[in-house]
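Chemist: Below is a structure I'd like to ask you about.
The values are calculated or read from the model by the stated rules, or taken from the named source; none is laboratory data. Note that the structure is predicted; figures quoted are calculated from it, not measured. These accessible areas exclude ligands, DNA and RNA; they are computed on the full protein's heavy atoms, side chains included. Shrake-Rupley method; radii C 1.70, N 1.55, O 1.52, S 1.80 Å.
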Amino acid sequence: KQEVTQIPAALSVPEGENLVLNCSFTDSAIYNLQWFRQDPGKGLTSLLLIQSSQREQTSGRLNASLDKSSGRSTLYIAASQPGDSATYLCAGVTDSWGKLQFGAGTQVVVTP
Amino acid sequence: DAMVIQNPRYQVTQFGKPVTLSCSQTLNHNVMYWYQQKSSQAPKLLFHYYDKDFNNEADTPDNFQSRRPNTSFCFLDIRSPGLGDAAMYLCATSSGTGASGYTFGSGTRLTVV
């Protein structure tokens, strides 16, 4: 069974610093990996989707990489802003049903 | 915009009183999922529908049921809610193996009193 781990569990940075969020998974036979953002009490907002054949995806200040051989994905957020404060979850798919296996998330606080 | 809509956003129910949460989608995705997320925890998959085929996770309590009357709608029924069922319930859709990613609704926050 796929296990997904996110380290650190919480992170606080001053505005303007770059954020690096880590996600590791145990099963390298992964179909795809997706990063989500969750604001307190809200649902999940998709940030980036990386297919198994891809190594990275970029959207604005966000860049996510995928290294299947080492079982790792990293989300970079450049020049962080207070509005980036949220919990970030990564999730991978390793079966044909498309079921997502989530990490517990990294709670990010960006201080002005 | 194509989207996943969950109703209601907040639901308060009494201990033991059946409750139904609803989810609708305009994406025409053939797979719909229900996740349960407790405070500060990862979302946990309860079940999913691939078209009309229902798939239950092995550790989903019998207290939880689901219905999918058509492609657009999916319901989560909790037959006898307990205090431990208080959580955020998230509905999601995908086109199959998730090649185009997953779209989540805004969730329903369930409180049991």
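Chemist: Taking all pairs of different Cα atoms in chain B, averaging 1/r and flipping that mean, what Kirkwood radius in angstroms comes out? Kindly include the intermediate steps, with their values, before the conclusion.
Modeler: Values: mean 1/r = 0.0713 Å⁻¹.
So the Kirkwood estimate lands at 14.0 Å.
Chemist: How would B:29, B:48 line up by accessible area, probe 1.4 Å, largest first? List each step's numbers first, then the result.
Modeler: Working: B:29 25, B:48 5 Å².
Order by accessible area, largest first: B:29, B:48.
Chemist: Determine the principal axes of the Cα atoms in the stretch B:52-113, then give the extent along each, sorted from largest to smallest and rounded to whole angstroms.
Modeler: 39, 23, 22
Chemist: Continuing with this model, one more query. Sorted from largest down, give the three principal axis spans of the alpha carbons of chain A, whole angstrom values.
Modeler: 43, 27, 20
Chemist: Starting from the alpha-carbon convex hull of the stretch B:1-50, give the projected area averaged over all orientations, in nm².
Modeler: Values: hull surface 19.1 nm².
The directionally averaged projection comes out at 4.8 nm².
Chemist: Let me ask something else about it. When the Kirkwood radius is taken over all Cα pairs of the protein assembly as shown, what Stokes-Einstein diffusion coefficient follows at 37 °C and 0.692 mPa s, in µm²/s?
Modeler: Numbers: Rh = 17.9 Å.
The calculation lands on 183 µm²/s.
Chemist: What are the ³J(HN,Hα) values, in whole Hz, obtained from phi via the Karplus relation 6.51 cos²θ - 1.76 cosθ + 1.60 with θ = phi - 60°, for each residue of the stretch A:22-29 in sequence order, with x given for Gly and Pro?
Modeler: 10, 9, 10, 9, 8, 9, 6, 7
Chemist: If you don't mind, another one. Please report the orientation-averaged projected area of the stretch A:19-71, defined via the convex hull of its C-alpha atoms, in nm². Each step should come with its number before you reach the end.
Modeler: Numbers: hull surface 17.2 nm².
Seen from a random direction, the Cα hull of the stretch A:19-71 projects 4.3 nm² on average.
Chemist: For residue A:80, enumerate residues with amide H under 5 Å from its amide H, sequence gap 5+ or separate chain, H modeled in the peptide plane.
Modeler: Close amide H contacts, sequence-distant or interchain: A:16, A:17, A:18, A:19.
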